[in-house]
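The values are calculated or read from the model by the stated rules, or taken from the named source; none is laboratory data. In this text the structure is predicted, and so the values were computed from the model without any measurement. Here Cβ is always computed from backbone atoms with ideal geometry, including for glycine, and neighbour counts include all displayed protein chains. In case anyone asks, the SASA skips ligands and DNA or RNA and just uses the protein heavy atoms, side chains included. Shrake-Rupley method; radii C 1.70, N 1.55, O 1.52, S 1.80 Å.
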Amino acid sequence: MRTLVRPAQYVALALYILFLGFPLLWLISASVKSSGELNSLTVSLLPSEWHWDNYTEALEKQGLVRSAANSLIVALASTALSVVIAVPASYVLARLKGKVRAAGVGWILVSQVFPVVLIILPLYLILRTLGLADNLAGLTLVHTTYMLPFALWMLQGYVAAIPVELEEAGAVDGASRLTVLRTIVFPLLAPGVAATAMFSFVSSWNEFFFALVLLQSPENYTLPITLNMFVGGEGKVALGPLAAGAVLAAIPSIVFFSILRRKLTSGLMAGAVKG
């Protein structure tokens, strides 16, 4: 019976990976199919003919490269701001007790209660008054504010998991608070920072509603807005170019994940041996 357990685990894992990867495989397949084949009633994973013109049309017709650059700027900037603010704030939230922590937790919970549609109008009016409407800098600030509660909540869990005894041992050895944070806490927090940065980047990269309302100039459009333009009048959709654009839009997220993936496992106990 035991000899069947491991093969069954591998089979279950393979089926799970197939379940997760099938939509991506279908998207890649659709990106190289002709419009006639996409609108056909015959369903097949492999295209009968490979139409790479979909990628050419996606890149040239709607200004996909420019939009991708705008999304990359906003996503990287908002991710960096969220992490820089969330790291010290999460430490305070996890370590300190009393009214400060209660107020912080209350702010996080309340910020997740209200739907975005309730705040978009006053938010737009504020940004227009500050001259930040229809501006990538304004959208970056909005994304940072939108992602910060989640980043705080996620990072404070990582900070709380770090034993306080490690900090106390560093203080006993004569290390200052800043040295303890730099040599013990922050190295142990690296996997949490990497995970938070990943989710923040993807959240900003895929965000649609704020960009739709706040951006009016085509040169400032982000990638989700540009992909939406592949839906023409009367609901007519350019399926091939849209699928090709979606495949290209997924590449930066995959690259970002691959860069930060090692941080999720490296340095897990690196700070515990420093002193």
For VAL237, enumerate residues with amide H under 5 Å from its amide H, sequence gap 5+ or separate chain, H modeled in the peptide plane. GLY232
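Over the chain, with every protein chain in place, what whole percent of the accessible area is carbon and sulfur at 1.4 Å, could you tell me? Could you put the intermediate results ahead of the total?
Values: 11400 of 16270 Å².
Roughly 70 percent, rounded to a whole number.
What is the dipole size for the chain, taken about its Cα centre, with +1 at each Lys and Arg Cβ and -1 at each Asp and Glu Cβ, in debye to the nearest 20?
Numbers: 17 positive and 13 negative charges, 196 e Å.
Computed about the Cα centre, the dipole is about 940 debye.
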If one builds a Gaussian network model of the chain from Cα atoms under 10 Å apart, the most fluctuating residue listed among GLY245, GLY170, GLY21 is GLY21
In square angstrom, what is the accessible area per residue of the chain with a 1.4 angstrom probe? 59 Å²
What is the local net charge at GLN216, summed over the other residues whose Cβ is closer than 12 Å to its Cβ (Lys, Arg +1; Asp, Glu -1)? -1
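Hey, can you list the DSSP H helices of the chain whose Cα span along the axis is 27 Å or longer and whose average Kyte-Doolittle score is at least 1.0?
Working: long enough: 2-31 (44 Å, 1.29); 64-95 (45 Å, 1.48); 136-161 (36 Å, 1.17); 186-206 (29 Å, 1.07); 239-260 (32 Å, 2.10).
Span-like helices in the chain: 2-31, 64-95, 136-161, 186-206, 239-260.
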